[in-house]
Structure formats: structure tokens, C-alpha cells
Amino acid sequence: MAEGHQISRILTAFAAVVVWTTTAVAEPVVSALRLGIHAEKTRIVVDLSDPVPFSIGLLANPYRVVIELPNVLWRVGSGASAKRGLVESFTFVPASASQTRIVLTVAGPVRINQSFVLPPGEVVVYRLVVDISETTSKDFRATAVQGSVESGARNEARVTAPSPARKSTPERTTAKPLRRVIVLDPGHGGIDPGAISASGLYEKNLTLQFARELKVALEATGSIRAVLTREGDIFLRLRERIKVARAINAQLFISIHADSINDKGLRGASVYTLSETASDEEAAALAQRENRVDVIAGLDLTGEHDDVTNILIDLTQRESMNLSARYAGILVGELRKTAPLLRRSHRFAGFAVLKAPDVPSVLVELGYLSNGEDEKTLATRAGRKNYVDAIARAIDLYFAEARVN
């Protein structure tokens, strides 16, 4: 009877996880939209109950900022402030069966300075932050789409009507697909320099510069939004890096490193995916060096029996590990075309930074700063370009596969 009761508890808990993974972000709630005026920008803050992928675009005739989200429940009160700073009004519009839009009419041509998601901290909601500032008509036209967003009267929750002088005849347009959300994690930072080459090249600086170049290449496609775990020379704990990916519901996490080793003749890139059993002694030693905090960021399983916890973590993580291995295999194939690789180029180790159970994750070792040729290649933008291009191609191929949704 005790064994049967335990099995029942496991099945019940697993069912709860299935519900959590399929419904927790199925209908996030937008509870508020706030506008802030700063010296040279207007800040738009959207309060969300859950992290969701998003895309931001600009439209003309009239000038508008469009924030595209998956299906959300609009719970912003009708008394919300609408005209503030550069924003004249905002409107919530269901765009399709799977998409919704927040359309903000603005006073003139604007540009998007930055956009990011803040996880819960002092407040218990996620906050999507978008900063806009004035720009010239020419610069606006370079990025904006001409036309209007369709807005059916029955489906539209208008907060305040746009000025009649700025109205235009609605034209039917096709909503752009949501961009893939990828997190790029520049290894080390701050008080943790990582490897240091003979000429004084710091791993923490190299990985940050590489991540910035990769972000530019990925976002130039228009189909990917790339977020860096750190934008400057700061120290982040492994748990904080993982939280960035989970907070924005990332579809892929790529940690970037360039190690050092006693064998100065060893060179070449490699790709790691998660395994508690390292593929060789070198991989085990590398993981031990990198793992300052060895944690599994995952579901809240407080109060569950250890057996239940282990089973649920395993079930949740298995699919992510399969997807991680799939991307790693594609990436190794693309790197092989343009860059030197280690003999066993897809390796396995227990890197803590790869342990978010619901985000496919890989760690890319670009090469060894202890090797003169690797250091020379990685020290220049031109030398890094082959690696940037290979990673970008692999991402495109990975998402092109029918089963990667």
C-alpha cells in the first residue's frame, strides 16, 4: 500500500508539472502599463504575471510603437494614464489566434533605445521595459513599416482614442512572427577574470566582446532577439545567469568561454552539453573550475518527497538535454567548416550554468588562450567572425527543424 501511495504521489505531482509547463505561460496577465518621463527618453513599463517572448516594431502613418506578445489577458484598468511624454495613447489589439499587440501612438518619429525584462524583485511581477526617444523622420523611415495595424472594434480595448488628426484608414497587415529569444552568456566578469593569455588577454573581456558581436549578427536577421547575461565587466553568479534565461522564457542559452590549459600545443573549439558524468578527465577538470555554485535552477518542489523531486527534475530536464545535444551537434558541424576543433569536439560535463531544466543550453569553448594560434585568432574581430558566423548558422538550422518550436 505504501508503494502504491508513493506512485500515486509521483503521478499527481507529475500531472501538476504538466499543467505548470502548459498553462503557466499560456495566458499571462498584463496588469499595468506605466509611462515615465526621463531627460531624453520616455520609458514604457508593462507589468506581466509571467515572462514571455516579445517583439517590438515601429509603424508610420501615424507614428506608432508596436509590442507583440503571445496571447495575454489584458487587465489594465480603463483609467490608466495614456498621454505622457512621447506617448499619446495606447491600445490593446488581439492580432491573431496566437498573438496580441500593444500599440502605442506616439507624438512623432521615435527610435527604440533598449528593451529588456526585469524579473520579480521588490515587486512580484515581471516588467517589460522599453525606452524610446525622439529621432529624425529619415532615421525612423529606415526601420519603420508603412501602414496601419488592423484594429477590430469588437476585439479592441482602447484606453484613449488617438487624436482625430492622426487617424488613418486601417489597412490589413500581417503580423510579424515573434522573434526567437536567445540568451548569450559571456563567461566570467568582474572580480573573476577567467583565463589570461601570455600577452594579457582576459577571458572575461574576450567573451563579452564576442557576445556583443554575436548579438549584432543574430539580431540583423530580424528573426532573433539576443539578450546578454551581462553588458559590462560585472561578476554574476551562475544562478543569476540561469535566471536571466528563465525570466525571459529563452529558447536557447549559449555560454561563451575560452579556457587555458597546461598543454600549450592544444588548440581548437569544443561544445559542451550537460552531463553529471564528464566525457573525459579534461572535461571534468574544466567543469570543476567553472562551477563556483553548483545548483539546478528548476521547479519549486518544496515539500515533495526526494524520490518525487528527482523524478520530476529528470522528466523536465530530459527534453531540454535532448534539444541541447541537437544544437550542439549542428554547431559542431558548422564550426568544423571554418574553425579548428578538438578531436572530441562535442563533450559532456556537469557545468552548473547549463542546469536550467527548461532551457536548452550549451557551453562553447572558442579555444585556448594558452595556445598562441588560438589567442591570435580570437584577439581580433576578423578572427572571431568565422566563429560568430558558424554559431549563427547553427542557430538558424536548429530552429528550422520541424520539431523545434
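All of the numbers you see were taken from the coordinates with simple rules; none came from a lab. None of the values given here were measured: they were computed from a predicted structure. Every residue, glycine as well, gets a Cβ built from its backbone with ideal geometry; the counts of neighbours run over all protein chains shown.
Of note:
- Between residue 219 and residue 136, the contour length at 0.36 nm per residue exceeds the Cα-Cα span by 27.6 nm.
- Checking the cross-link pairs 41/204; 204/376; 41/215; 41/83; 215/355 against a 21 Å limit on the alpha carbon distance flags 41/204; 41/215; 215/355 as lying beyond it.
- Distance between modelled label sites at residue 192 and residue 396, nm, 7 Å Cα→Cβ extension: 3.3 nm
- Neighbour counting of Cβ atoms within 10 Å sorts the residues 52, 271, 216, fewest neighbours leading, into 216, 52, 271.
- For residue 106, distant residues with modelled amide H under 5 Å away: 63, 64, 65, 88
- Extension gain for the segment residue 233 to residue 38, taken as residue separation times 0.36 nm less the Cα-Cα distance, is 67.6 nm to one decimal.
- Full extension of the chain between residue 341 and residue 60 gives 96.4 nm of extra length, using 0.36 nm per residue less the Cα-Cα distance.
- Backbone phi angles across segment 230-245, fed through the Karplus curve with coefficients 6.51, -1.76 and 1.60 (θ = phi - 60°), yield HN-Hα couplings of 9, 9, x, 7, 10, 8, 10, 6, 4, 4, 5, 5, 5, 4, 4, 5 Hz in residue order; Gly and Pro are listed as x.
- From least to most packed, judged by other beta carbons within 10 angstrom and beginning with the fewest, 257, 188, 346 follow the order 346, 188, 257.
- Across segment 327-399, the relative contact order, built from alpha-carbon pairs under 8 Å that are at least six residues apart, equals 49 percent.
- Exposure proxy ranking, count of Cβ atoms within 10 Å, fewest first, for 381, 246, 347: 381, 246, 347
- Local electrostatic count, residue 193, Cβ distance below 10 Å [Lys/Arg +1, Asp/Glu -1]: -2
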